[in-house]
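Here the structure is laid out as structure tokens; the discussion comes afterwards.
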There are 4 protein chains.
Amino acid sequence: MPADGVLPEGFFSTSNLPTYVRVNGRWLLPTRPRMDCAIVRRTNGLEVREPRRLTAGDQVAMGLAEDGSEGIYVHTAGFLGGAHSANEFRFMSSEVSRERPVNYDELAERLIEERRQGGFLIWVAGPALVHSRARGDFEWFIRNGFVQAMLAGNAVAVHDIEAAIFGTTLGMSNTGRPTDGGHGLHMRAINQVRAAGSIEAAVKSGLIASGIMHALVTERVPFVLAGSIRDDGPLPGVVHSSIEAQDAMREHTVKATGAVLIASALHAIAVGNMLPAYHTHYEGVPTPLMTVCVDQTEFVVNKLKDRGTHQAFGVVTNAQDFMHVLRFYVEKGTQS
Amino acid sequence: MPADGVLPEGFFSTSNLPTYVRVNGRWLLPTRPRMDCAIVRRTNGLEVREPRRLTAGDQVAMGLAEDGSEGIYVHTAGFLGGAHSANEFRFMSSEVSRERPVNYDELAERLIEERRQGGFLIWVAGPALVHSRARGDFEWFIRNGFVQAMLAGNAVAVHDIEAAIFGTTLGMSNTGRPTDGGHGLHMRAINQVRAAGSIEAAVKSGLIASGIMHALVTERVPFVLAGSIRDDGPLPGVVHSSIEAQDAMREHTVKATGAVLIASALHAIAVGNMLPAYHTHYEGVPTPLMTVCVDQTEFVVNKLKDRGTHQAFGVVTNAQDFMHVLRFYVEKGTQS
Amino acid sequence: MPADGVLPEGFFSTSNLPTYVRVNGRWLLPTRPRMDCAIVRRTNGLEVREPRRLTAGDQVAMGLAEDGSEGIYVHTAGFLGGAHSANEFRFMSSEVSRERPVNYDELAERLIEERRQGGFLIWVAGPALVHSRARGDFEWFIRNGFVQAMLAGNAVAVHDIEAAIFGTTLGMSNTGRPTDGGHGLHMRAINQVRAAGSIEAAVKSGLIASGIMHALVTERVPFVLAGSIRDDGPLPGVVHSSIEAQDAMREHTVKATGAVLIASALHAIAVGNMLPAYHTHYEGVPTPLMTVCVDQTEFVVNKLKDRGTHQAFGVVTNAQDFMHVLRFYVEKGTQS
Amino acid sequence: MPADGVLPEGFFSTSNLPTYVRVNGRWLLPTRPRMDCAIVRRTNGLEVREPRRLTAGDQVAMGLAEDGSEGIYVHTAGFLGGAHSANEFRFMSSEVSRERPVNYDELAERLIEERRQGGFLIWVAGPALVHSRARGDFEWFIRNGFVQAMLAGNAVAVHDIEAAIFGTTLGMSNTGRPTDGGHGLHMRAINQVRAAGSIEAAVKSGLIASGIMHALVTERVPFVLAGSIRDDGPLPGVVHSSIEAQDAMREHTVKATGAVLIASALHAIAVGNMLPAYHTHYEGVPTPLMTVCVDQTEFVVNKLKDRGTHQAFGVVTNAQDFMHVLRFYVEKGTQS
């Protein structure tokens, strides 16, 4: 030790696994094991100790290799599971975590590349996307060719159309404040579309003059609104039969080269069930099918994986902020 | 009803509360109550029914008022709690929810206004802020005068300094990938700062050449790093004693005109306990003290409120995305 | 102060709100406000200070009243919201929280009382109830007369029948371990029921010899299995049409005197939408309809409330443990 | 197909991975891939199709083996990751999930076995354990020899002592209701213990006559209360210095043969950092150290693992219910 509490460069930093150090030809197991410490020589053996408690002159184990090649061997089998080899103790190994950084640059690049190749991107959206003002950003992605099909439920369309007609979602203003008589507004929005006859007719008549449904209709992007037992209304065009809705959705999933699933456990898992882990649309060769799942909690992403969609890449964040930041990166990536 | 399944404009949309309708001078309670429906006249009374199940010619209750003035009375007391008056049934009344939109415009404006007035903004940061690449954005806020003090723990500084020296946090690259030998890197970073003697010395020597701690030191923004039992190291300058750390933090909280608490339950609640709900720094008059709490889940914000910091405004999102979007809005707001 | 760091009994414990203390006929606002402290007299005024920092002989403000009647006035309006009166600063005011104790005694008593009165209890169940071995406990509630109708989806029945036939749910054993070829077992279970013709026929033939569906069929408790786009199969008897499923469910909700919603966001909110906040089945008088929502997170309960089912009482726990503990209390309550 | 929508026993159930079927000596990749379906022969190849859409007489692929030995080969490498072999597609593979059943039988057995062998069980407790009425159950474990050391913070002791003196925690009654003047009660409890001089003195004097701290003191079970910046008071005996607190805790962790970490991220991770993944207290051989982490969300358990405590077995449930059910199983296991 060069000084009290200061280790030499190249010290061995412990893990919590059984660790053997070769001293005078014998492999010794230090006492008092724990991670994030140094191994120090004592008259009668070795001790694991916090760096701050070591003093100048203490002899500590040196090296990075954990496979015994430099005199330190970390026993992983049976403690990390049999399949692990040396140097496999690590932090941050959860695949899905709010602490894991999102590589928006790479994500934006993938979307741009898919558009360039003529890919087929499916977007699955939950109502949080509309509640939380990501509506304008989603509209932007639709108008700019990044959405080849939208699979969603009645609620997404209802909130979007309530916003188009009344400027609210479930009676809440776009700054998050309740409005007077707000609890009936989604019913009034549905009623006006029913009177118009269809969403398409309501777009044509000018009743729906902005938002997601307006963009889908005017850009001729196909969508499936699958009915559920939670539906108010439902809106004209919603597919009541769960079997027919599945069949309609599958005609899109078989074409998919990528999928973005945002803020909907029900629809994400439904579409995940239909999506292969690969596609053969680029020259017939099985290619991994990009599947991004965005949710506020790790749970939905892990549930999606636990239902077999193991290939899903999880982004744990708020739908509004995701859409905002992703658009920013895609705009930047397409300008350059 | 103008048509099958289409209601007249101005129909009464039901809630789930006891609702009395005046018919021929008598107040009747309809059968089969539920929310989001219409009230239809039947030969022997009134029925609550889904709009889709009504037919042309059905007579439905009309009006928006729920206080009896237009013939419909909704009984809230005893069902919504005694303090509620008519027209108080509503959706989206949770104060803290991932579904509630964040008004970044207003938030940015508040920060800009505090800077203009010479306010004292305290930032409380958890390590997720560094893990998740919000590091550069936080640096920007420090360099641009929006941070008058940072209150945090050892881990924020450790991760930030590991990033400055090795480009990783807990051995994870800034795109979220593990690195070889990564589990020891935070220990090596701490060791190098201990060798340098202090964080300030390590900044001066060029060991720490970027990031949050670098910005704080070079911009002379005060900070308190409070020790905890989770600490590795700790870094020189961390206040080991929880009592001394509280006293050090409090010298900043008494000056605060605003506080932004991000991604740390421990530090947010600690600082929340010290923060008054008001301050008197603008002309001596008690003024509400802006308190923003950002976390991935509603739980931390509600816990903060449950510990008495009722004034906290909750933003339920990912720390990385929050910093990114907030900076974007503040930059926009200061350019105009 | 009787001793250093020890306050006299009856000291005034501060909140974070503006607090005025009457000294020599004048109302003074102490400096350095924060909660959980004492107010101490200084030569030139008053100071809020941590008890540990006070010394014997210091003069501190005494009293509990916050309305000025004993010389201390806490200003709530404008800081706690206009509707609050004095003495309203409090901790733990969130309605829904994992930290709030569940009163199982009271809950058990309510269920027993409903059964005694001939009430109609609706249970809404998500698949977590089956995964997590609460299956046997749910069966117990059905066999003992606490379930008058079950509203659920295809998945609950699929998992329950997979468990009856193969002893697994989604290929996972009842101790949580994967089984070989497990991913196909739910499909094989569905196929066998389809071959049998119906769930009822499969119970009669002995294919389904235990579990929730077996108990419902043999006890003649009605159930609705509403289809969704996530469904595998679906099983015979699942109502494919979301509109027909709603209509079928509503025939039960109009009879409800109570509802227990467990581990299903979709079905809980769907049924919540249909449930009135009251019922008139006991002598025609509107009585609050007991609505209990059990989920692992506060989010689902708050979402249910945000969709209008404000009367829901939230229990934030694991479905398996909830069923186990509730059964224990109900058994205890019925034996005495 | 024996009938429309009914598959033959032993059909091949698809995953979402590239799957090749040997037909007339050639390996064919079916079109329209997805999981949970059958593979059906078409004139010009093979198709993946939902069982409900198949009809009597359709020829479907049969078999369970995915390694090509029975004519079906599932390509996992590159899609499930290189380390996977055939038959590895599965559901429910997340290690930590609220959906994974808790094997209380096994857990109880482990605790009983550790007691029998004279093991050293460390319990780490967060304040939720006291809030939520698990207090009596924890007391039971202490009095019955299952707790050899408790590591916690000031708050656990404060809530427990408030409950002993006033019957409340943070002013909330044990049925979850607020009490008048409740926000000051924890400060009054702390003050009375400070007046008594120590927790031990307060137990001796009868001020603290029940609960966790009473049981620890009277049963002579050692405990460490580590200070933190969130502390009110703190109570006498709390170790203010984070470094001294670590050193005090470590004297217990080096003796540990097992650890139960409940409802505390801070303390669980702190103790996790100190705990080796093994111990040598039973005959000197490295044996895995049982580490159970109980929390309301998957996040805390995964964070603990991400900080290196990979051996932690996660139980995702409410602390109150966990303690209640575990005690029930341990009582049952010790009676037999």
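The values are calculated or read from the model by the stated rules, or taken from the named source; none is laboratory data. Because the structure is a prediction, the values reported are computed rather than measured. Here Cβ is always computed from backbone atoms with ideal geometry, including for glycine, and neighbour counts include all displayed protein chains. Please note that ligands, DNA and RNA were not included when accessible areas were found on the heavy atoms of the full protein model with its side chains. Shrake-Rupley method; radii C 1.70, N 1.55, O 1.52, S 1.80 Å.
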**Fill in**
Matching residues in region B:159-185 (modelled with pLDDT of 95 or more and open to solvent by less than 10 Å² (accessible area, probe 1.4 Å)) number 3
**Message:** Take D:Ser264 and tell me if it is small (Gly, Ala, Ser), modelled with pLDDT of 95 or more and crowded, with 20+ Cβ neighbours inside 10 Å.
**Reply:** no
**Request:** Test each condition in (1) open to solvent by 40 Å² or more (accessible area, probe 1.4 Å); (2) away from chain A (no Cβ under 11 Å); (3) in a loop (DSSP other than H, G, I, E, B) for B:Arg41 and report the one that comes out false.
**Result:** (3)
**Message:** Checking A:Ile269 against (1) β-branched (Val, Ile, Thr); (2) within 14 Å of chain B (Cβ to nearest Cβ); (3) under 15 Å from the mean Cα position of the chain (by Cα), only one condition comes out false. Which one?
**Reply:** (2)
**Message:** Return the residues of region C:283-336 that are in a strand (DSSP E or B) and touching a Lys or Arg at 6+ places or on another chain (Cβ under 7 Å); say none if nothing qualifies.
**Reply:** C:Met290, C:Val316
**Asked** Looking at region D:52-64, which of the residues that are open to solvent by 20 Å² or more (accessible area, probe 1.4 Å) and not basic (Lys, Arg) is nearest to the chain's Cα centre (by Cα)?
**Response** D:Leu64
**Asked** Does B:Leu151 satisfy the condition of being closer than 28 Å to B:Val254 by Cα, among the aliphatic types (A, V, I, L, M) and within 11 Å of another protein chain (Cβ to nearest Cβ)?
**Response** yes
**Request:** Check D:Ala195 against each of (1) of a type in the set (A, V, I, L, M, F, W, C); (2) under 15 Å from D:Asn154 (Cα atoms); (3) within 14 Å of chain C (Cβ to nearest Cβ) and name the one condition it does not meet.
**Result:** (2)
**Request:** Identify, by number, the condition in (1) at negative phi; (2) surrounded by fewer than 19 Cβ atoms within 10 Å (Cβ to Cβ); (3) of a type in the set (Lys, Arg) that A:Arg32 doesn't meet.
**Result:** (1)
**Asked** Quick one: B:Gly233 ticks every box in (1) over 25 Å from B:Leu121 (Cα atoms); (2) open to solvent by less than 10 Å² (accessible area, probe 1.4 Å) bar one, so which box is it?
**Response** (2)
**Request:** Look at region D:76-91 and say how many of its residues are at pLDDT 75 or above, more than 30 Å from C:Pro127 (Cα to Cα) and open to solvent by 60 Å² or more (accessible area, probe 1.4 Å).
**Result:** 0
**Message:** Six or more apart or on different chains, Cβ atoms under 8 Å: show the pairs whose first residue is in region A:120-138 and within 10 Å of chain B (Cβ to nearest Cβ) and whose second is open to solvent by 30 Å² or more (accessible area, probe 1.4 Å) and assigned to a loop (DSSP other than H, G, I, E, B).
**Reply:** A:Ala128/B:Arg98; A:His131/B:Arg100; A:Ser132/B:Arg98; A:Ser132/B:Arg100; A:Arg133/A:Asn174
**Request:** Please find, within region D:297-326, the residue that is farthest from C:Thr175 (Cα to Cα) out of those that are among the charged types (D, E, K, R) and touching a Phe, Trp or Tyr at 6+ places or on another chain (Cβ under 8 Å).
**Result:** D:Arg307
**Message:** If C:Arg250 meets every condition in (1) farther than 22 Å from C:Ala312 by Cβ; (2) without any contact (Cβ under 8 Å) to a residue 40 or more places away in the chain; (3) touching a Lys or Arg at 6+ places or on another chain (Cβ under 8 Å) apart from one, which number is that one?
**Reply:** (1)
**Asked** Of the residues that sit in region C:298-310 and are without any contact (Cβ under 8 Å) to a residue 60 or more places away in the chain and under 11 Å from the mean Cα position of the chain (by Cα), which one is nearest to the other protein chains (Cβ to nearest Cβ)?
**Response** C:Phe299
**Complete:** A careful count of residues in region A:168-190 that are assigned to a helix (DSSP H, G or I) and in contact (Cβ under 8 Å) with a residue 40 or more places away in the chain gives 3
**Message:** Please go through (1) surrounded by fewer than 24 Cβ atoms within 10 Å (Cβ to Cβ); (2) away from chain B (no Cβ under 14 Å); (3) at pLDDT below 95 for A:Ala256 and return the number of the only condition it doesn't satisfy.
**Reply:** (3)
**Residue among B:Ala277, B:Ala245, B:Ala226 that is under 20 Å from the mean Cα position of the chain (by Cα) and either buried (at least 19 other Cβ atoms within 10 Å of the Cβ) or at the interface with chain D (Cβ under 10 Å from one of its Cβ atoms) (or both)** = B:Ala277
**Matching residues in region B:191-215 - criterion: being in a helix (DSSP H, G or I), surrounded by 18 or more Cβ atoms within 10 Å (Cβ to Cβ) and touching a helix residue (DSSP H, G or I) at 6+ places or on another chain (Cβ under 6 Å)** = B:Val193, B:Ala196, B:Ile199, B:Ala202, B:Val203, B:Ile212, B:Met213, B:His214, B:Ala215
**Message:** Need pairs with beta-carbon distance below 7 Å; first residue within 18 Å of B:Met35 (Cβ to Cβ) and within region C:261-288, second among the hydroxyl-bearing types (Ser, Thr, Tyr) and open to solvent by 20 Å² or more (accessible area, probe 1.4 Å); sequence gap 6+ or separate chains.
**Reply:** C:Tyr278/C:Thr287; C:His279/C:Thr287; C:Pro286/C:Thr280
**Prompt:** Do the conditions hold for B:Ala248, that is, is it in a loop (DSSP other than H, G, I, E, B) and either farther than 29 Å from C:Arg98 by Cα or in contact with a Gly (Cβ under 8 Å, 6 or more places away or on another chain) (or both)?
**Reply:** no
**Message:** As an exercise: evaluate C:Thr55 against (1) within 12 Å of chain D (Cβ to nearest Cβ); (2) assigned to a loop (DSSP other than H, G, I, E, B); (3) in contact (Cβ under 8 Å) with a residue 24 or more places away in the chain; (4) under 19 Å from D:Ile190 (Cα atoms) and give the number of the one condition it does not meet.
**Reply:** (1)
**Message:** With the structure loaded, tell me whether D:Val130 is of a type outside the set (Phe, Trp, Tyr) and more than 22 Å from D:Ala256 (Cα to Cα) or whether it fails that test.
**Reply:** yes
**Request:** Go through the residues of region D:110-117 one by one and say whether even a single one is buried (at least 22 other Cβ atoms within 10 Å of the Cβ) and touching a His at 6+ places or on another chain (Cβ under 8 Å).
**Result:** no
**Message:** Against the conditions (1) more than 13 Å from chain B (Cβ to nearest Cβ); (2) open to solvent by less than 40 Å² (accessible area, probe 1.4 Å); (3) under 29 Å from C:Val124 (Cα atoms), where does A:Val221 fall short? Just the number, please.
**Reply:** (3)
**Residue match in region C:3-17 (condition: in contact (Cβ under 8 Å) with a residue 60 or more places away in the chain, assigned to a loop (DSSP other than H, G, I, E, B), within 21 Å of B:Leu289 (Cα to Cα) and within 9 Å of chain D (Cβ to nearest Cβ))** = yes
**Asked** Does C:Ser94 qualify as being facing chain D (nearest Cβ under 8 Å), small (Gly, Ala, Ser) and either within 41 Å of the chain's Cα centre (by Cα) or crowded, with 21+ Cβ neighbours inside 10 Å (or both)?
**Response** no
**Message:** List pairs: first residue in region A:103-114 and closer than 15 Å to A:Gly314 by Cα, second residue open to solvent by 40 Å² or more (accessible area, probe 1.4 Å) and not in a helix (DSSP H, G or I) anywhere in the structure, Cβ distance under 7 angstrom, at least six positions apart or on different chains.
**Reply:** A:Asn103/B:Thr175
